[in-house]
Structures are given as C-alpha cells and as structure tokens.
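Participant: Quick one: this structure, given as structure tokens, is what I'll be asking you about.
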Amino acid sequence: MSLHELTIHELAARLKQREISSVDVTQSIFARIEATEERIGSYITLCQESALAEARRADERLKAGGRSSPLLGIPIALKDIFITKGIRTTCSSKILDNFVPPYDGMAVAKLKNAGAVIVGKTNMDEFAMGSSTENSAFSVTRNPWNVERVPGGSSGGSAAAVAADQCIAALGTDTGGSIRQPAACCGIVGLKPTYGRVSRFGVIAFASSLDQVGPMAKDTADCALLLEAVAGHDPADSTSVPAPVAAYATNLDGKMTGVKLGLPKEYFISGMQPEVEQAVKAAVRQMEQNGAEIIDVSLPHTEYAVAVYYIIATAEASSNLARYDGMKYGYRARGKDLAETYFRTRQEGFGPEVKRRIMLGTYALSAGYYDAYYVKAQKVRALIKKDFDEAFKKCDLIVTPTSPTTAFKIGEKTADPLQMYLSDIFTISVNLAGLPGLSLPCGFDNEGMPIGMQIIGKHFDEARMLKIAHAYESATEWHKTKPKLS
Amino acid sequence: MNYEPVIGLEVHAQMLTASKIFCGCATRFGDAPNDNTCPVCMGFPGVLPVLNKRVVEFAIRLGLATHCEISRRSRFARKNYFYPDLPKGYQISQYELPVCEHGYLEIGAGEGKKKIRLTRIHMEEDAGKNIHEARGDYSLVDLNRTGVPLLEIVSEPDIRSSAEAGNYLRNLRAIVQYLEVCDGNMEEGSFRCDANVSVRPVGAQELGTKVEIKNLNSFKAVEKAIDSEIERQIHTLSEGGKLVQETRLWDAEREVTRSMRSKEFAHDYRYFPDPDLLPLVVDDKWIAEIESSLPELPAAREQRFVNQYGLPRYDAEVLTGRRDVADYFETAVKLHGNPKAISNWVMGDLFRVIKERKLDEALRIREWPVPAEHLAAMIKMIDEGKISGKIAKSVFSEMLASGAAPETIVREKGLEQVSDTASIEAAVDQVIAGNPKVVADYRGGNEKSFGFFVGQVMKATQGKASPQIVNEILRRKLAAQ
Amino acid sequence: MKITREEVKRVALLARLQLSEEEESRLTEQLDNILQYMEKLGRLDTTNVEPLAHAVDIVNAFREDRVTNEPQPESLLANAPDRENTFFKVPKIIE
C-alpha cells in the first residue's frame, strides 16, 4: 500500500520506528492530490510548501525521540472554517475570499503543537450552511465513490479528502450533521463530540449553541486519536467544559458484550432509501450476535427537530454573520455611502443559502415573532433533550441510520431548500441535545454508494461510543474498502 | 393647563478595570488608535468572549450601594444593529435578566429628601469611536474603546426637575467614585448621561410622550437641556401640537435640542441571550464578601460629619464630595479636634492649591500638597496661641514650598507668636508715644484709626504679636487718659 | 400566508441585504413555505417548559482582570479593505 492509503495509527508506529519519514508521507499525499484533485476538488487552499517544512520539522522531532503525539508528522486537512494564522481562510464564502487570519484557533494550535502537518483547507458549504457542499462559493467537490454525486455537507471537502486518501485524516465541524452525514456519504468515520468537548475558539461561528469540532478519518481508532489531540477545556471558550479527556484510543478492545443499544422507532420510518434501512438493520443484527442487547426506545419529539433546528441555528447565525460588513476585513462592495456599502457588501458577498438563513433567523428574532419562534423553539429543544435523557435510562447508546438516503446527485436537491433541510432529520436532534454522535460505514447501496450508521452516546461518553463502533468495525470490512479513482 | 415634567436618566459609567470586559486588552484611555485591540474585541471571525470577573464584582458593589436586589441568576444578551464602531454587529449587554434591579438613590436632605428609584443596573461593553473627517467622504474608526466595560444605570421616571436631575447625577457620581468603580468624568466620557423627558398635566397618572436627549457632556448641559426640552414640549402642547417619540441631540452652542437626522431604519434590536456566554450565578457568599468590603458611602458619611463633627451641612457636603478629601479631613481631625477650622483650611487654601495643580483630576489624590498631619499640627498651633492666623498663612505657603513640618518652619523662621504681655505693652507704648495726632484723632471719636495702631504694633513686632492681646492692650491704653 | 413581501422587505432591511426583485419574490415564497412547516411547533403544549439555554449545564466562566494583550495594530489591520495609518477607513457616517 502507498503511504497516503494508511491510517494515523499505522503511520505513527512506522514513523516512530523511523522506517519512514514525515516528508515521505507528506510527499505521497501531495502526489495523490495532484493525481486526483481535478476530479474531486476537495481543497480550496493547498499548503504544499509549508506542509513540507512542517514535515521536516516533525522528522527532526522524531529523530530526537522521546514522547510525542501519534499525530507527529501526520498530514491532516482542515475544513476552511478553521482559523489558520497566515493561511487564507474563506469559509467557502466570497465575503472572506482574501481573508488571512492573524491568529490560530485552539484546535489548530493543538494540532500544530502535536506536530501534525497541515495539508490544506478543504471545501465546504458556505458558512457551514448546507448538506452537500454545493453551496460553496468557489468550487464543486465530488464524491470519490461517484463523481456525479455530492460528498455530503457541510464538511464535504474534508470527507472527500479522507475517502480519496488526499490526507490521512481531517477535522470538520458539525452543527446539524455536517461531520456525520458527509462521513456517511463518503464511507468514512466522522465523530461529533459532546457540545463543549472541543474548543470553538478559532472556528468561524455558524450556530453558537450547536457548532462542534470533530475528527473525520478512515477508521474509529484514527477518530479516537484525533479527538484526543483536540479535546479539552479552553479558557478562551466560555462554553467549553472542564471535563477530563479520556484516553479514547486505548479502550478499543473489540468487545461489545452486554452493551444496551437503543433503536428509536421514529428513526426507522418509511421514506428512507430501502438499502439504507436494510444495511443498518443488518448491522444491528450483527451487533446483537456479538453480544449487544437491542432495546426499543422512543424519541417522540423527533418530528419537531428540523423545525426547532432551523429556527435556533438560523437565529444564532443571523447574529453571528452580522460582523461581515466590509468594514474591518473581507469583501467590501462599492457604495455611495455607508448604508449602501453595507447593503451591497452583504448582498454580493453572501450566497443564496446564507442569505435565506439570515433572513429566516432575523425574522425569528424580530419584534413580535421572538416568543412564537425563538423562545418556542428553545422550549421544544428542551423536550427533545428530555426524550434522550429518558431513552438513555434504558440503554447505553442509540443506533440509527445517519441519513435517509445515500449521496444524491449533484444538483438534485438544490431546487427546494425545505427538502434539503428535511434530509438532516437523523442527525439534527443530536446537536440540539448536545450529545456526541458518530457515523461509520455499514454497507453499500445497489449503486455502490456507502451507507452510514449513526451511534449516539450520552454526554461525554465518547469513549463508549468509540469502543462499540470500533468493535462493530473490527467485525466487518467496510472501512477497508476504498473508492476506485481511475 | 399646568404641566409637570417627568424625567428619567440613563447613565453609562465606564468601569475602572485594568482589562476589557471580554478580552485581555487594556482599558487605557488615549493610546494610539487600535493599539488596545485584539481579534476578540475587534470581532474577527471565530472569536469568543470570556467575562472579566471584576466587572461582575463592580456591578454588585454598585448594586449593593444603591439598595438593589442582586439577581442570583442573570444573563448576557445580544443587542443587534449595524454601525462601524460596533465590530461584531451586536453589542453584548443584558436585557431580560440584569444583574441588579429595583434600587434607589436619595437626593436632597432633611425635609427635601427624596428617593429616586433605580429600575436596573446592568453590565455591557462599550463601542469604539468614529471620527468624522470634515473634508472627504469617509470616517475613521478606532476600536480601542470597544469592549471597555460599562455599567448602565437606569432610573425610574421619578425626577421632577432639572435641579433634581443634577442632584441625582452628582450623588450617583460620588457613589461610583467612592466605590472606585468609575472615575465619574463626564467631560472625558467615562460617565455619560442620556435624559428621557416627558410632560403631563399636573395630577395625571399616564405618562406623556417620551423624548430621549443625547449628547450631554456636562452636568450643566444636562440641566439646561432638560429645561429647554420641558419648555419645548409644553410650548408644543399648549399650541395644540403633537409630540413625537424620538431622540433629540443637545446643541450646546445654540442651547436647544435638535431632532436627529431622520433615522431611516427603525430599531429592532432583536435581543436574545448570548449563546457564547454562560448564565451568571451569584451566590450569597460572594455578595456578603463584596458587601463587607464596601466603604462608608457619601450620604451616610455626610450625615455623620454633621452629627459627629457638628459641621454645617454645606461643609459636610463639600468634604464628603470626594472620598479622599473626606479621608484627609478625618485624619486631620483625629490629630487635632477642631473640625470647623480644619474644614475651613481644607475648603479654602488646600482646595485652591489642589485646583491650581489639577490634582483633583485623579480619582484619588495620592500626594497631598500638605499632608494631613502637618495641617492638623499647624491648626493646633493657632489654637494654642503659638501663631496667629495671619502668620499661619505664611507657614502654610512655606509648607507647600518645602514640605517641612509647621513646628520646624515656625522655629527656624522665628515666627512664634509673641504673647508675652510685657513686650507687647512696650510696643504699644512706643506706637502711642510716636503718633500723638492719631491718638488725638481716635480719642476724638474716629474708631477707624484703631486699625492704624494695630498695624503699627504688628509691624513693630514683625507680625508676631498675638492679635487678641494687642487689641486688648491697645484699647486699654488708648482709652486711658 | 405566513409572510408577506412587505415583511420580507423589512427583514432584508434589518439584515442589510439588498435583495433584487426576483430574490424578493423567490424568498417570499420559500420563507413562506418554511414558516408553514414551522407551524407544527405551535401544536405542542410547552406551558411549563423552560427554554433550553445550554445543552450542558455549566455556569460562570470567568477570567481574571489582567491585561494580557500587547498592541498589534498592523496585524489586525492587515485585512482592512481601507485604512488610514492605524485607523479603519469607512464610508462617511452621517449622524
């Protein structure tokens, strides 16, 4: 196998033994990118020069020996939502087209301290608003399994890059499913941690009470390693929780005996793509055979989740995006006076989906509507969370399909925004309740497109979630299958 | 129709913390543009606010000093609007759940004492500064001030005149200065006031149309603007006109309020709880800690000065106007128990020097021109007859110049008052003998010439003779025949 | 009708978006559709439910009152669309 096809844990061992160098791995990655990027389009910005410099520095550290992070010398891709000092950061928006940040975000800083190599910034839906990466202002990213299809979104670039071996692993963000759904679309593992587990400082904000940073990787062990590297309390983020970071990667023993898995009936309704339902049910049966106990649970307020999400997320976003006004950074349109400058800058700088959500959010907060929409949504949110609290009294983890369908065709869902929103139905409640959730591959549909299964955990129970996911993964070969990129 | 004015005041006080409310930038005034900024207060993408604990402490301090209920649970809220000096496009403030509520401030004294209720006190961040270039079609923005912590103090519309408003502001300012949460400088902008003014027929319960007045840069401006606005409103209504609820600016030059350029966009601030900040929970223990560290407040101290030191209300008010002055006064009085004399010297000569040297511009005077110990000692010498009041003036000047103690100065310059009757008698005799014409004048009924004799005797004794003894001896000797 | 074209205009004003005629029409229709969907929330009885402030129940994140930042105006103004010395330069603000 070529170096770019390997995982973090496979490479870390060999790097430490000095069988290979970080420069070797990095060069392998960039060669792979060169060979495939025209077809996939995962990246907005590539950092070849600085990456090689980082790789050389990593090699020095490896040579010096001593304790080091498993990420030392590993090429990682970053969704272009992460603030990277000195590296163009656009959030896939025209309004930040030429923005070069003067500081590093916390997750990025942690990766750098660990000695990871930053490959580049990946494509995404503009301001993380979307489920297909089609809302990028700059380019289209294609699903490596079938280039006529979307890679999912909003972390589509990161998902495609991992699936296509254009990076060893990547970071994404998840507000309503933006790590898990693209992971499912691209046949990789994606994890959204508990809200507050990873610092949001240096992550361009979409919806403050929902956004979380998470790993996207080729297998569960890699996700665990990457999560360990970025998790932890950050005094610069008031919402980050001072809970100790477990050693997620050391608990993966392949056993799932006695674990209680809840299956919520509301997530197995008609309207799903039949192969998706079949694959997830088959996965559940397999886990049962391996010792898990399957329990029926109910999350009765599931049908309200999309409505709740699209009020709260858009309301918070409408406020978070007010800073893009052309005064301090980013795009500025020509205007005869201040007012016109504001109106034109934002009109020209934002894409249609972003504008739509800003409008919706502004409406939901405006005088006369605040109680009926925003407050009401926060109340129903409490009910949704309570559903999970109740369900978790009966089970340890909850299992669902990640998405009702596999990756759809590029352009298929762009006509009706509401239809696009409804496809988030299985992932969205997890963000509303602040719970951790991951998606891992559990099969393919009749066209060979990957199917993802979602595992949801209790607050700060990422360790158990990863353990069980890993146990399922060890008993299957899905994660070893790679897309054919001729 | 008789109208009564109904006035409420909104004060924004900049807090004296070292760093800003949500980031570690300095709150220093006067630095180069955009020197005291960082990605957080500049509203860069990806940044988050973290609350300065001292800001909460200051808010609770002020709340306790104004008899407020301290909310055990409060929240920050976003106030959303667009302006170049507001980099995030929203101001972090408090809306539904402020940290302090339902307090009051007393104004006036004795019979005229009145409670002005406070609706609320809350914490928020200040905005930056826009500088409008006279030439050209652009403005310049300095964000140094963005994120400086503010306390917003909102009064109920309990104020009924411009004088009461002035009173309220002075009292509030004294309190924030005493607490050292704000330096109370209206001219420099650390203590700002907007007035809400309406009028209604006397006896009516409903409130009239409220007009907000901004751009008030001094206490005088507040009082004048209120009077001007009351007059405008009454005049309008009397003519059968209608008042518009609006914001008006005080034009200090023409001394009228002006309607602001028509605001194209109605304000809908779309307040909602800031999801980047956690709920603020304040427990009894913290409140008790803060309460125990509160200094004696101006109103209480003023009353005590009247009761304990027998000072006239005017003196008490002036001396307790500043905490450092009140402290100075009490230090002196402890050393020498003549409060009235000390008060006179402090309010007279000492204040004059302080003003000349602009020492009062600091919130707390650290280096006094004359230490309290020296002033007390000097007054003690006067009271013991060791020096005269007149000589004391030169002693005071010398203390200012050299910093030496009064006893040292008096001794070195030989300024001790001559109370030795024999030598004074000798001097008097000499003067009387040397001025027969004036003696005859005086004995002839010209009272005024007495002063001439006093002057001559003082001259003969280099001003050191005790004036009382001189007077007494002169009178006796001049009367005798 | 959940939302009228007039309301869309008002909201666009608040959000500082200069929508084209065509966008206005399209958004009116789309937002109306979405808001109709949101109606379902009205069916739920939430009388005694507290709004969920935070997914995780923590309070009081503070920092100490210390100056920890150094002046760095050049790096902060590097992305400014327009500047004059260390000021941001913006179109004239009319008071």
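The values are calculated or read from the model by the stated rules, or taken from the named source; none is laboratory data. Because the structure is a prediction, the values reported are computed rather than measured. Backbone-built Cβ (ideal geometry, glycine too); neighbour counts: all protein chains shown.
Participant: Could you check the stretch A:317-349 and list, in sequence order, the residues that are within 14 Å of chain B (Cβ to nearest Cβ), in contact (Cβ under 8 Å) with a residue 12 or more places away in the chain and farther than 18 Å from B:PHE44 by Cβ?
Facilitator: Of everything in the stretch A:317-349, those that are within 14 Å of chain B (Cβ to nearest Cβ), in contact (Cβ under 8 Å) with a residue 12 or more places away in the chain and farther than 18 Å from B:PHE44 by Cβ turn out to be A:SER318, A:THR341, A:TYR342, A:GLN347.
Participant: Another question, if that's okay. Just give me the residues in the stretch B:196-223 being within 27 Å of the chain's Cα centre (by Cα) and either exposed (fewer than 15 other Cβ atoms within 10 Å of the Cβ) or part of a loop (DSSP other than H, G, I, E, B) (or both), in sequence order.
Facilitator: B:ASN217, B:SER218, B:LYS220
Participant: Could you say which residue among A:PRO102, A:PRO70 is modelled with pLDDT of 95 or more, closer than 28 Å to A:PHE127 by Cα and not aliphatic (A, V, I, L, M)?
Facilitator: Result: A:PRO102 is the single residue among A:PRO102, A:PRO70 that is modelled with pLDDT of 95 or more, closer than 28 Å to A:PHE127 by Cα and not aliphatic (A, V, I, L, M).
Participant: For the list (1) surrounded by fewer than 22 Cβ atoms within 10 Å (Cβ to Cβ); (2) within 14 Å of chain C (Cβ to nearest Cβ); (3) among the polar types (S, T, N, Q), I need the number of the one condition that A:SER68 fails.
Facilitator: (2)
Participant: Consider the stretch B:155-169. How many of its residues are in contact (Cβ under 8 Å) with a residue 60 or more places away in the chain and more than 11 Å from B:ILE116 (Cβ to Cβ)?
Facilitator: Within the stretch B:155-169, residues that are in contact (Cβ under 8 Å) with a residue 60 or more places away in the chain and more than 11 Å from B:ILE116 (Cβ to Cβ) number 3.
Participant: Go through B:ILE365, B:ILE379 for me and flag whichever is farther than 18 Å from B:PRO406 by Cα and either part of a helix (DSSP H, G or I) or within 18 Å of the chain's Cα centre (by Cα) (or both).
Facilitator: Matching residue, one of B:ILE365, B:ILE379: B:ILE365.
Participant: Across the stretch A:374-390, which residue is surrounded by the fewest Cβ atoms within 10 Å (Cβ to Cβ) among those that are within 7 Å of chain C (Cβ to nearest Cβ) and over 26 Å from the mean Cα position of the chain (by Cα)?
Facilitator: The residue in question is A:VAL375.
Participant: Just a yes or no: is a residue in the stretch A:213-226 among the charged types (D, E, K, R), outside any helix (DSSP H, G or I), within 14 Å of chain C (Cβ to nearest Cβ) and in contact with a helix residue (DSSP H, G or I) (Cβ under 7 Å, 6 or more places away or on another chain)?
Facilitator: Scanning the stretch A:213-226, I find no residue that is among the charged types (D, E, K, R), outside any helix (DSSP H, G or I), within 14 Å of chain C (Cβ to nearest Cβ) and in contact with a helix residue (DSSP H, G or I) (Cβ under 7 Å, 6 or more places away or on another chain), so the answer is no.
For (1) of a type in the set (D, E, K, R); (2) loosely packed, with under 14 Cβ neighbours inside 10 Å; (3) more than 23 Å from the chain's Cα centre (by Cα); (4) assigned by TED's automatic domain parsing to the domain that holds B:PHE191, each residue gets a yes or a no:
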residue	(1), (2), (3), (4)
B:PRO312	no, yes, no, no
B:ALA316	no, no, no, no
B:LEU335	no, no, yes, no
B:ASN338	no, no, yes, no
B:SER343	no, no, no, no
B:PRO371	no, no, no, no
B:GLU384	yes, yes, yes, no
B:GLY403	no, yes, yes, no
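Participant: It is to be established whether one or more residues within the stretch B:155-164 are in a helix (DSSP H, G or I), within 23 Å of B:GLU246 (Cα to Cα) and among the aliphatic types (A, V, I, L, M).
Facilitator: no
Participant: Within the stretch B:399-411, identify whether any single residue is without any contact (Cβ under 8 Å) to a residue 12 or more places away in the chain and farther than 27 Å from B:LEU359 by Cβ, and answer yes or no.
Facilitator: Yes: one or more hits.
Participant: Moving on. Before we move on, is B:PHE76 away from chain A (no Cβ under 14 Å), farther than 30 Å from A:ASP337 by Cα and aromatic (Phe, Trp, Tyr)?
Facilitator: For B:PHE76, the condition - away from chain A (no Cβ under 14 Å), farther than 30 Å from A:ASP337 by Cα and aromatic (Phe, Trp, Tyr) - is not met.
Participant: Anything in the stretch A:391-422 that is of a type in the set (Gly, Ala, Ser) and either farther than 26 Å from C:ASN33 by Cβ or away from every other protein chain (no Cβ under 14 Å) (or both)? List them, or say none.
Facilitator: A:ALA391, A:SER403, A:ALA407, A:GLY411
A quick yes/no check of all residues on (1) within 14 Å of chain A (Cβ to nearest Cβ); (2) modelled with pLDDT of 95 or more:
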position	(1), (2)
B:LEU62	no, yes
B:ALA65	no, yes
B:ASP85	yes, yes
B:LYS115	no, yes
B:ILE121	no, yes
B:ASN167	no, no
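Participant: Write out, first by first residue and then by second, each pair whose Cβ atoms fall under 6 Å of each other, whose residues are 6+ apart or on separate chains, and whose first residue, in the stretch A:217-236, is closer than 27 Å to B:ASP276 by Cα while the second is of a type in the set (Val, Ile, Thr) and buried (at least 24 other Cβ atoms within 10 Å of the Cβ).
Facilitator: Correct list of pairs: A:CYS223/A:VAL189; A:VAL230/A:VAL198; A:ALA231/A:VAL198.
Let's see how each residue does on (1) within 28 Å of B:ALA18 (Cα to Cα); (2) among the small types (Gly, Ala, Ser); (3) modelled with pLDDT under 95:
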{"position": "C:LYS9", "(1), (2), (3)": "no, no, no"}
{"position": "C:ARG16", "(1), (2), (3)": "no, no, no"}
{"position": "C:GLU24", "(1), (2), (3)": "no, no, no"}
{"position": "C:ASP57", "(1), (2), (3)": "no, no, yes"}
{"position": "C:THR68", "(1), (2), (3)": "yes, no, no"}
{"position": "C:GLN72", "(1), (2), (3)": "yes, no, no"}
{"position": "C:ASN85", "(1), (2), (3)": "yes, no, yes"}
{"position": "C:GLU95", "(1), (2), (3)": "no, no, yes"}
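Participant: A:SER208 versus (1) assigned to a loop (DSSP other than H, G, I, E, B); (2) in contact with an Asp or Glu (Cβ under 9 Å, 6 or more places away or on another chain); (3) surrounded by 24 or more Cβ atoms within 10 Å (Cβ to Cβ): which is the lone unmet condition?
Facilitator: Going through the list (1) assigned to a loop (DSSP other than H, G, I, E, B); (2) in contact with an Asp or Glu (Cβ under 9 Å, 6 or more places away or on another chain); (3) surrounded by 24 or more Cβ atoms within 10 Å (Cβ to Cβ), A:SER208 breaks only (3).
Participant: Quick one: which residue in C:ALA80, C:ALA61, C:ALA53 is in contact with a strand residue (DSSP E or B) (Cβ under 9 Å, 6 or more places away or on another chain), at the interface with chain A (Cβ under 8 Å from one of its Cβ atoms) and over 22 Å from A:ALA322 (Cβ atoms)?
Facilitator: When all the criteria are applied, what remains is C:ALA61.
Participant: In addition: Run down A:ILE29, A:ILE20, A:ILE76 and say which single residue is in a helix (DSSP H, G or I) and in contact (Cβ under 8 Å) with a residue 12 or more places away in the chain.
Facilitator: A:ILE29
Participant: I'm checking my understanding of the structure. Among residues of the stretch C:1-37 that are assigned to a helix (DSSP H, G or I), without any contact (Cβ under 8 Å) to a residue 12 or more places away in the chain and among the hydrophobic types (A, V, I, L, M, F, W, C), which one is surrounded by the fewest Cβ atoms within 10 Å (Cβ to Cβ)?
Facilitator: Within the stretch C:1-37, the first condition is being assigned to a helix (DSSP H, G or I), and the residues that meet it are C:5-14, C:21-37.
Of the ones still in play, those that are also without any contact (Cβ under 8 Å) to a residue 12 or more places away in the chain are C:6-7, C:10-11, C:13-14, C:21-23, C:26, C:29-30, C:33-34, C:37.
After this cut, where a residue has to be among the hydrophobic types (A, V, I, L, M, F, W, C) as well, the list is C:11, C:13-14, C:34.
Working: C:VAL11: 26, C:LEU13: 17, C:LEU14: 24, C:ILE34: 24.
In this case the residue turns out to be C:LEU13.
Participant: Still on this structure, I have one more. Can you tell me which residues in the stretch A:350-361 are closer than 18 Å to C:TYR37 by Cβ and within 7 Å of another protein chain (Cβ to nearest Cβ)?
Facilitator: Result: A:ARG356, A:MET359, A:LEU360.
Participant: Now for a different question. Out of (1) part of a strand (DSSP E or B); (2) of a type in the set (Val, Ile, Thr); (3) closer than 30 Å to B:ARG313 by Cβ, the odd one out for B:ILE226 is which?
Facilitator: (1)
Participant: Please verify whether B:ALA13 is assigned to a strand (DSSP E or B), surrounded by 24 or more Cβ atoms within 10 Å (Cβ to Cβ), touching a Leu at 6+ places or on another chain (Cβ under 9 Å) and away from chain A (no Cβ under 14 Å), treating the condition exactly as stated.
Facilitator: Yes; evaluated as a whole, the condition is true for this residue.
Participant: Further question: If you check B:CYS182, B:CYS193, which single one turns out to be in a loop (DSSP other than H, G, I, E, B) and within 20 Å of the chain's Cα centre (by Cα)?
Facilitator: Exactly one of B:CYS182, B:CYS193 is in a loop (DSSP other than H, G, I, E, B) and within 20 Å of the chain's Cα centre (by Cα), namely B:CYS182.
Participant: Which of (1) aliphatic (A, V, I, L, M); (2) closer than 18 Å to A:LEU226 by Cα; (3) in contact with a helix residue (DSSP H, G or I) (Cβ under 6 Å, 6 or more places away or on another chain) does A:ALA13 not meet, given it meets every other one?
Facilitator: Condition (3) is where A:ALA13 drops out.
Participant: Cβ contacts < 8 Å: first residue at positive phi and within 14 Å of another protein chain (Cβ to nearest Cβ), restricted to the stretch A:177-206; second residue surrounded by fewer than 24 Cβ atoms within 10 Å (Cβ to Cβ) and part of a helix (DSSP H, G or I), any location; separation 6+ or different chain. Result?
Facilitator: A:GLY202/A:ALA109
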